[in-house]
Amino acid sequence: MSDTTPRPGDLLELTVDGLAAGGRAVCRHEGRVVFVAGGLPGQRVRARLTTVKRRFAEATLDAVLEPSPIQCAPFCVHFGDCGGCAWQDLPYAEQLRWKERFVVDALGRIGGLRDANVLPILASPAERGFRNKMEFAFSQPGDGQLHLGLRRRASRAVVDITECHLQTPLTARIVEAVRDLARESGLPGWDDGRQDGFWRFLVVREPELGRNADTGPPAEGDGQDAPGRQCMIQCITGRHPGAAQAVSRLAEALRARFPEVTGVVHSLRLDPEQVAYGERVLAVDGEAVLTERLGGNDLLLGPDSFFQTNTAAASLLYAEARRMAAAGPDDTVWDLYSGVGAIALHLARA
(Lines give C-alpha, C1' and ligand atoms only; values in the text may rest on other atoms or scores of the structure.)
Protein backbone atom coordinates (compact mmCIF):
# COMPACT_ATOMS: atom_id res chain seq x y z
CA MET A 1 0.00 0.00 0.00
CA SER A 2 1.46 3.38 -1.01
CA ASP A 3 1.79 6.18 1.52
CA THR A 4 -0.60 8.98 0.49
CA THR A 5 0.17 11.24 3.46
CA PRO A 6 0.73 14.75 2.09
CA ARG A 7 4.23 16.20 2.51
CA PRO A 8 5.72 19.70 2.40
CA GLY A 9 6.07 20.73 -1.22
CA ASP A 10 2.98 18.85 -2.40
CA LEU A 11 0.37 20.72 -4.44
CA LEU A 12 -3.26 20.29 -3.41
CA GLU A 13 -6.51 21.48 -4.97
CA LEU A 14 -8.71 22.82 -2.17
CA THR A 15 -11.97 24.68 -1.60
CA VAL A 16 -11.82 27.60 0.84
CA ASP A 17 -14.43 27.11 3.56
CA GLY A 18 -13.70 30.17 5.67
CA LEU A 19 -11.13 32.56 7.10
CA ALA A 20 -8.92 32.54 10.18
CA ALA A 21 -7.61 35.44 12.23
CA GLY A 22 -4.49 36.86 10.62
CA GLY A 23 -5.86 36.64 7.09
CA ARG A 24 -5.36 32.94 6.32
CA ALA A 25 -7.91 30.89 4.40
CA VAL A 26 -9.31 27.73 6.01
CA CYS A 27 -9.56 24.59 3.87
CA ARG A 28 -9.91 20.87 4.59
CA HIS A 29 -8.16 17.88 3.08
CA GLU A 30 -8.73 14.25 4.17
CA GLY A 31 -9.81 15.27 7.68
CA ARG A 32 -6.98 17.73 8.17
CA VAL A 33 -7.45 21.51 8.37
CA VAL A 34 -5.20 23.34 5.91
CA PHE A 35 -4.42 27.01 6.55
CA VAL A 36 -3.55 28.78 3.30
CA ALA A 37 -1.81 32.15 3.21
CA GLY A 38 -4.23 33.90 0.85
CA GLY A 39 -7.58 32.84 -0.53
CA LEU A 40 -11.22 33.78 0.05
CA PRO A 41 -14.33 31.80 1.03
CA GLY A 42 -15.83 30.07 -2.01
CA GLN A 43 -12.60 29.99 -4.02
CA ARG A 44 -11.16 26.82 -5.48
CA VAL A 45 -7.38 27.09 -5.11
CA ARG A 46 -4.17 25.24 -5.73
CA ALA A 47 -1.91 25.46 -2.69
CA ARG A 48 1.62 24.26 -1.91
CA LEU A 49 2.12 22.67 1.50
CA THR A 50 4.83 24.15 3.72
CA THR A 51 4.11 22.38 7.04
CA VAL A 52 2.22 19.15 7.74
CA LYS A 53 1.12 18.15 11.26
CA ARG A 54 -1.18 15.36 12.42
CA ARG A 55 -4.28 17.55 12.67
CA PHE A 56 -3.47 20.54 10.47
CA ALA A 57 -1.21 21.77 7.69
CA GLU A 58 -0.03 25.13 6.38
CA ALA A 59 0.32 26.13 2.74
CA THR A 60 0.94 29.05 0.41
CA LEU A 61 -1.40 30.02 -2.40
CA ASP A 62 -0.14 28.83 -5.79
CA ALA A 63 -3.14 29.77 -7.96
CA VAL A 64 -6.85 30.61 -7.80
CA LEU A 65 -8.64 28.05 -9.98
CA GLU A 66 -12.18 29.36 -9.43
CA PRO A 67 -13.04 32.82 -8.07
CA SER A 68 -15.21 33.53 -5.06
CA PRO A 69 -18.66 35.03 -5.69
CA ILE A 70 -17.94 37.71 -3.07
CA GLN A 71 -14.46 38.87 -4.09
CA CYS A 72 -13.70 42.31 -5.52
CA ALA A 73 -10.80 43.85 -7.42
CA PRO A 74 -7.87 44.99 -5.22
CA PHE A 75 -6.91 48.65 -5.57
CA CYS A 76 -3.13 48.47 -4.95
CA VAL A 77 -0.55 47.31 -7.50
CA HIS A 78 1.40 45.53 -4.75
CA PHE A 79 -1.50 43.49 -3.36
CA GLY A 80 -0.74 39.78 -3.28
CA ASP A 81 3.01 40.35 -3.09
CA CYS A 82 3.18 42.88 -0.23
CA GLY A 83 2.07 41.65 3.18
CA GLY A 84 0.74 45.02 4.32
CA CYS A 85 -2.88 44.12 3.46
CA ALA A 86 -4.54 40.72 3.66
CA TRP A 87 -8.05 41.28 2.28
CA GLN A 88 -8.10 44.04 -0.31
CA ASP A 89 -10.00 41.62 -2.56
CA LEU A 90 -12.74 41.13 0.06
CA PRO A 91 -15.43 43.84 0.43
CA TYR A 92 -15.10 45.75 3.70
CA ALA A 93 -18.55 44.66 4.92
CA GLU A 94 -17.47 41.03 4.50
CA GLN A 95 -14.22 41.73 6.36
CA LEU A 96 -16.20 43.06 9.33
CA ARG A 97 -18.53 40.05 9.25
CA TRP A 98 -15.60 37.64 9.45
CA LYS A 99 -13.82 39.63 12.16
CA GLU A 100 -16.98 39.49 14.25
CA ARG A 101 -16.99 35.72 13.81
CA PHE A 102 -13.37 35.58 15.02
CA VAL A 103 -14.38 37.34 18.24
CA VAL A 104 -17.36 35.04 18.81
CA ASP A 105 -15.21 31.98 18.08
CA ALA A 106 -12.42 33.10 20.43
CA LEU A 107 -14.85 33.80 23.27
CA GLY A 108 -16.54 30.44 22.79
CA ARG A 109 -13.66 28.12 21.92
CA ILE A 110 -10.96 29.66 24.11
CA GLY A 111 -12.94 31.55 26.74
CA GLY A 112 -15.78 29.06 27.16
CA LEU A 113 -18.39 31.84 26.73
CA ARG A 114 -20.81 30.15 24.37
CA ASP A 115 -23.58 32.74 24.55
CA ALA A 116 -21.53 35.95 24.77
CA ASN A 117 -23.35 39.07 23.66
CA VAL A 118 -21.04 40.41 20.95
CA LEU A 119 -22.08 43.82 19.66
CA PRO A 120 -21.67 44.64 15.96
CA ILE A 121 -18.27 45.97 14.94
CA LEU A 122 -18.06 49.73 14.47
CA ALA A 123 -16.72 50.29 10.96
CA SER A 124 -13.80 52.61 10.30
CA PRO A 125 -14.99 55.92 8.83
CA ALA A 126 -12.34 55.54 6.10
CA GLU A 127 -11.16 52.43 4.29
CA ARG A 128 -8.05 54.03 2.75
CA GLY A 129 -5.52 56.59 3.92
CA PHE A 130 -6.60 56.15 7.54
CA ARG A 131 -3.32 55.38 9.30
CA ASN A 132 -1.44 58.09 11.18
CA LYS A 133 1.67 55.91 11.51
CA MET A 134 3.44 53.45 9.20
CA GLU A 135 6.58 51.39 9.75
CA PHE A 136 8.76 50.40 6.80
CA ALA A 137 11.77 48.06 6.78
CA PHE A 138 15.14 48.31 5.07
CA SER A 139 16.74 45.18 3.70
CA GLN A 140 19.92 44.38 1.79
CA PRO A 141 20.38 40.62 1.50
CA GLY A 142 23.98 39.59 0.80
CA ASP A 143 25.69 42.07 -1.51
CA GLY A 144 22.48 42.92 -3.35
CA GLN A 145 20.39 46.05 -3.77
CA LEU A 146 19.14 48.06 -0.79
CA HIS A 147 15.35 47.79 -0.40
CA LEU A 148 12.85 49.86 1.58
CA GLY A 149 9.17 49.03 1.88
CA LEU A 150 6.88 46.48 3.48
CA ARG A 151 7.47 42.79 4.09
CA ARG A 152 6.50 40.35 1.38
CA ARG A 153 3.57 38.14 2.38
CA ALA A 154 4.76 35.16 4.49
CA SER A 155 8.39 36.26 4.10
CA ARG A 156 11.11 38.43 5.62
CA ALA A 157 11.93 39.87 2.18
CA VAL A 158 11.04 43.52 1.53
CA VAL A 159 8.88 44.80 -1.33
CA ASP A 160 10.01 48.17 -2.74
CA ILE A 161 6.59 49.82 -2.67
CA THR A 162 5.74 52.67 -5.03
CA GLU A 163 2.26 53.24 -3.57
CA CYS A 164 0.45 52.42 -0.34
CA HIS A 165 -3.20 53.15 0.43
CA LEU A 166 -2.93 52.67 4.20
CA GLN A 167 -1.54 56.16 4.71
CA THR A 168 -1.75 59.24 2.46
CA PRO A 169 0.02 59.45 -0.95
CA LEU A 170 2.62 61.68 0.72
CA THR A 171 3.96 58.61 2.52
CA ALA A 172 4.73 56.70 -0.68
CA ARG A 173 6.60 59.71 -2.08
CA ILE A 174 8.63 59.98 1.13
CA VAL A 175 9.46 56.26 1.09
CA GLU A 176 10.70 56.49 -2.50
CA ALA A 177 12.82 59.54 -1.66
CA VAL A 178 14.34 57.90 1.43
CA ARG A 179 15.08 54.72 -0.55
CA ASP A 180 17.00 56.73 -3.16
CA LEU A 181 18.85 58.79 -0.54
CA ALA A 182 19.79 55.69 1.47
CA ARG A 183 21.15 54.02 -1.66
CA GLU A 184 23.15 57.16 -2.50
CA SER A 185 24.67 57.14 1.00
CA GLY A 186 26.55 53.92 0.25
CA LEU A 187 25.77 52.59 3.74
CA PRO A 188 24.31 49.09 3.91
CA GLY A 189 20.73 48.14 4.67
CA TRP A 190 19.89 45.44 7.22
CA ASP A 191 20.75 41.84 6.31
CA ASP A 192 18.55 39.32 8.16
CA GLY A 193 21.03 36.51 7.46
CA ARG A 194 24.07 38.28 8.91
CA GLN A 195 22.02 40.19 11.52
CA ASP A 196 23.96 43.26 10.52
CA GLY A 197 23.55 46.53 8.62
CA PHE A 198 23.06 50.26 9.10
CA TRP A 199 19.66 51.30 7.69
CA ARG A 200 16.98 49.39 9.63
CA PHE A 201 13.56 51.08 9.77
CA LEU A 202 11.71 54.13 8.56
CA VAL A 203 8.69 55.31 10.59
CA VAL A 204 6.33 57.92 9.12
CA ARG A 205 3.86 59.68 11.44
CA GLU A 206 1.23 61.91 9.87
CA PRO A 207 -1.58 63.03 12.19
CA GLU A 208 -5.06 63.47 10.79
CA LEU A 209 -5.13 66.96 12.27
CA GLY A 210 -3.88 69.42 9.67
CA ARG A 211 -4.09 67.09 6.64
CA ASN A 212 -6.88 69.26 5.22
CA ALA A 213 -5.91 72.45 7.00
CA ASP A 214 -6.33 74.60 3.89
CA THR A 215 -9.53 73.20 2.38
CA GLY A 216 -11.11 70.82 4.87
CA PRO A 217 -13.69 71.39 7.60
CA PRO A 218 -12.59 72.50 11.08
CA ALA A 219 -11.12 69.72 13.19
CA GLU A 220 -13.16 68.37 16.09
CA GLY A 221 -12.28 70.26 19.22
CA ASP A 222 -12.78 73.38 21.24
CA GLY A 223 -12.21 76.04 18.64
CA GLN A 224 -8.42 76.23 18.76
CA ASP A 225 -6.65 76.86 15.48
CA ALA A 226 -5.39 73.69 13.83
CA PRO A 227 -1.71 73.54 12.86
CA GLY A 228 -0.70 73.08 9.25
CA ARG A 229 0.03 69.68 7.79
CA GLN A 230 2.60 67.82 9.88
CA CYS A 231 4.72 64.76 9.21
CA MET A 232 7.48 63.30 11.37
CA ILE A 233 10.10 60.94 9.95
CA GLN A 234 12.06 58.57 12.18
CA CYS A 235 15.13 56.79 10.80
CA ILE A 236 16.14 53.83 12.97
CA THR A 237 19.67 52.66 12.25
CA GLY A 238 22.58 50.68 13.59
CA ARG A 239 26.04 52.08 14.27
CA HIS A 240 28.43 53.22 11.55
CA PRO A 241 31.33 55.72 11.42
CA GLY A 242 29.44 57.82 8.86
CA ALA A 243 26.05 57.56 10.54
CA ALA A 244 25.58 61.15 11.70
CA GLN A 245 26.57 62.70 8.38
CA ALA A 246 24.45 60.25 6.33
CA VAL A 247 21.25 60.83 8.31
CA SER A 248 21.87 64.57 8.51
CA ARG A 249 22.16 64.79 4.71
CA LEU A 250 19.02 62.67 4.35
CA ALA A 251 17.09 64.90 6.78
CA GLU A 252 18.20 68.07 4.99
CA ALA A 253 17.16 66.68 1.60
CA LEU A 254 13.79 65.45 2.88
CA ARG A 255 12.84 68.72 4.57
CA ALA A 256 13.84 70.68 1.47
CA ARG A 257 11.76 68.43 -0.81
CA PHE A 258 8.72 67.97 1.44
CA PRO A 259 7.52 71.08 3.32
CA GLU A 260 5.06 68.85 5.23
CA VAL A 261 7.98 67.17 7.04
CA THR A 262 8.30 69.13 10.27
CA GLY A 263 10.95 66.92 11.84
CA VAL A 264 13.38 64.06 11.17
CA VAL A 265 14.49 61.95 14.15
CA HIS A 266 17.54 59.68 14.08
CA SER A 267 17.27 56.77 16.54
CA LEU A 268 19.72 53.99 17.31
CA ARG A 269 18.81 50.31 17.64
CA LEU A 270 21.51 47.76 18.50
CA ASP A 271 19.28 44.84 19.45
CA PRO A 272 19.19 42.44 16.45
CA GLU A 273 15.47 41.76 16.91
CA GLN A 274 13.60 43.33 14.02
CA VAL A 275 11.32 45.74 15.87
CA ALA A 276 10.83 49.33 14.68
CA TYR A 277 11.75 50.89 17.99
CA GLY A 278 14.85 52.96 18.68
CA GLU A 279 16.66 52.44 21.96
CA ARG A 280 18.08 55.97 21.94
CA VAL A 281 17.48 59.21 20.01
CA LEU A 282 20.75 60.44 18.51
CA ALA A 283 19.66 63.59 16.69
CA VAL A 284 16.62 65.66 15.71
CA ASP A 285 16.33 67.92 12.67
CA GLY A 286 13.32 70.19 13.23
CA GLU A 287 10.54 69.26 15.66
CA ALA A 288 10.32 65.94 17.53
CA VAL A 289 6.66 66.31 18.43
CA LEU A 290 3.36 66.30 16.53
CA THR A 291 -0.13 67.40 17.56
CA GLU A 292 -3.21 65.24 17.10
CA ARG A 293 -6.70 66.29 18.20
CA LEU A 294 -9.15 63.70 19.47
CA GLY A 295 -12.33 64.26 21.47
CA GLY A 296 -11.53 67.93 21.99
CA ASN A 297 -8.07 67.20 23.43
CA ASP A 298 -4.77 68.15 21.81
CA LEU A 299 -2.40 65.19 22.17
CA LEU A 300 1.35 65.52 21.73
CA LEU A 301 3.00 62.60 19.91
CA GLY A 302 6.73 61.95 20.07
CA PRO A 303 8.67 59.54 17.84
CA ASP A 304 8.04 56.58 20.19
CA SER A 305 4.59 57.51 21.55
CA PHE A 306 1.95 54.79 21.61
CA PHE A 307 -1.28 55.93 19.97
CA GLN A 308 -4.05 54.26 18.01
CA THR A 309 -3.03 54.27 14.34
CA ASN A 310 -6.53 55.08 13.02
CA THR A 311 -7.49 58.43 14.57
CA ALA A 312 -11.07 58.54 13.28
CA ALA A 313 -11.77 54.98 14.42
CA ALA A 314 -10.14 55.72 17.80
CA SER A 315 -12.60 58.59 18.22
CA LEU A 316 -15.49 56.13 17.79
CA LEU A 317 -13.81 53.64 20.14
CA TYR A 318 -13.26 56.19 22.92
CA ALA A 319 -16.77 57.59 22.58
CA GLU A 320 -18.15 54.08 22.99
CA ALA A 321 -15.94 53.50 26.04
CA ARG A 322 -17.24 56.75 27.55
CA ARG A 323 -20.83 55.72 26.84
CA MET A 324 -20.37 52.28 28.41
CA ALA A 325 -18.48 53.61 31.43
CA ALA A 326 -21.16 56.25 32.09
CA ALA A 327 -18.54 58.09 34.14
CA GLY A 328 -19.62 61.16 36.07
CA PRO A 329 -18.02 63.97 38.10
CA ASP A 330 -17.74 61.81 41.23
CA ASP A 331 -15.99 58.87 39.54
CA THR A 332 -12.27 58.09 39.44
CA VAL A 333 -10.81 56.55 36.29
CA TRP A 334 -7.57 54.57 36.28
CA ASP A 335 -5.81 54.50 32.90
CA LEU A 336 -3.22 51.71 32.95
CA TYR A 337 -0.63 51.33 30.13
CA SER A 338 -1.99 54.64 28.94
CA GLY A 339 0.20 55.57 25.97
CA VAL A 340 -0.37 59.30 25.48
CA GLY A 341 -3.34 59.20 27.89
CA ALA A 342 -6.02 59.62 25.23
CA ILE A 343 -8.68 57.45 26.90
CA ALA A 344 -8.33 59.01 30.36
CA LEU A 345 -8.42 62.53 28.89
CA HIS A 346 -11.47 61.57 26.82
CA LEU A 347 -13.30 60.35 29.92
CA ALA A 348 -12.10 63.29 32.01
CA ARG A 349 -14.28 65.65 29.98
CA ALA A 350 -17.29 63.83 31.52
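Let me make sure I get this right: for the range 36-86, a, b and c are the square roots of the gyration tensor eigenvalues over alpha carbons, sorted descending. Under 1.5 in a/c it's rounded, otherwise prolate if a/b > b/c, else oblate. Which is it? List each step's numbers first, then the result.
Working: a/c = 2.47, a/b = 1.52, b/c = 1.63.
Oblate, since a/c reaches 1.5 and b/c is not below a/b.
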For the range 225-346, the percent of all C-alpha pairs falling in each 5 Å bin, from 0 up to the bin holding the max distance, is 2, 9, 17, 17, 15, 13, 10, 7, 5, 2, 1, 0
Mind jotting down the three principal axis lengths of the range 41-178 based on Cα atoms? Whole angstrom, largest first. 53, 40, 31
Hey, what's the chain come to in accessible area per residue, 1.4 Å probe, Å²? 53 Å²
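On full extension of the chain, what length is gained from Gln245 through Glu30, given 0.36 nm per residue of separation minus the C-alpha to C-alpha distance? All intermediate terms of the calculation are to be shown ahead of the outcome.
Numbers: separation 215, 0.36 × 215 = 77.40 nm, distance 6.01 nm.
Using 0.36 nm per residue and subtracting the Cα-Cα distance, I get 71.4 nm.
Just check the range 5-59 against the gyration tensor rule for me: Cα atoms, a ≥ b ≥ c as the square roots of the eigenvalues, rounded for a/c under 1.5, and otherwise prolate or oblate depending on whether a/b exceeds b/c. Mind dumping the intermediate values first?
Details: a/c = 1.62, a/b = 1.44, b/c = 1.12.
Prolate shape, in that a/c is at least 1.5 and a/b is the bigger ratio.
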Eigenvalues of the alpha-carbon gyration tensor of the range 121-163, times 5 and square-rooted, give semi-axes in Å, largest first, of 29, 11, 8
What are the semi-axes of the equivalent ellipsoid for the range 255-314, taken as the square roots of 5 times the Cα gyration tensor eigenvalues, largest first, in whole Å? 23, 18, 10
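Of the beta bridges DSSP finds with both residues in the chain, what % are antiparallel, to the nearest 5? Mind dumping the intermediate values first?
Numbers: 51 of 66 bridges.
Around 75 percent antiparallel, to the nearest 5.
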Given charges at beta-carbon only (K, R positive; D, E negative), |dipole| of the range 6-154 in Debye: 400 debye
May I ask which residue of Pro141, Ala276, Thr162 lies farthest towards the positive end of the charge dipole of the chain, with charges of +1 (Lys, Arg) and -1 (Asp, Glu) on Cβ and the Cα centre as origin? Pro141
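Keeping the other protein chains in place, figure out the carbon and sulfur percent of the accessible area of the chain, with a 1.4 Å probe.
Numbers: 9460 of 18570 Å².
Carbon with sulfur: 51 percent of the solvent-accessible area.
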Under the Kirkwood approximation applied to all pairs of distinct alpha-carbon atoms, what is the hydrodynamic radius of the chain in Å? 22.9 Å
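Relative contact order, percent, of the range 238-349 when contacts are C-alpha pairs under 8 Å separated by at least 6 residues? Walk me through the numbers before you get to the answer.
Details: 109 pairs, mean separation 20.5, N = 112.
Normalised by residue count, the contact order of the range 238-349 is 18 percent.
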Hey, if you put +1 on the Cβ of every Lys and Arg and -1 on every Asp and Glu Cβ in the chain, which of Ala243, Leu90, Ala37 ends up farthest toward the positive end of that dipole? Ala37
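Can you give the calculated 222 nm mean residue ellipticity of the chain, where each DSSP H run of n ≥ 4 adds -39,500 (n - 2.57) and the sum is split over every residue, rounded to the nearest 500 deg cm²/dmol? Can you show the working numbers first?
Values: 5 runs with 68 residues, N = 350.
Taken over the chain, the calculation gives -6000 deg cm²/dmol.
Using the alpha carbons of the range 138-187, what is the convex hull volume per residue in cubic angstrom, as a whole number?
It comes to 69 Å³ per residue, whole-number rounded.
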What share of all Cα pairs of the range 301-350, in percent, falls into each consecutive 10 Å distance bin? 25, 54, 19, 2
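Would the range 30-118 count as rounded, prolate or oblate if I go by the C-alpha gyration tensor, calling it rounded below 1.5 in a/c and otherwise prolate when a/b exceeds b/c, oblate otherwise?
Details: a/c = 2.10, a/b = 1.21, b/c = 1.74.
The shape class here is oblate.
The values are calculated or read from the model by the stated rules, or taken from the named source; none is laboratory data. Bear in mind that the values here come from a model prediction, so they are computed numbers and not experimental data. Quick reminder, even Gly has a Cβ in these numbers, built from the backbone with ideal geometry, and neighbours come from all protein chains shown. With ligands, DNA and RNA removed, areas are computed over all heavy atoms of the protein, side chains included. Shrake-Rupley method; radii C 1.70, N 1.55, O 1.52, S 1.80 Å.
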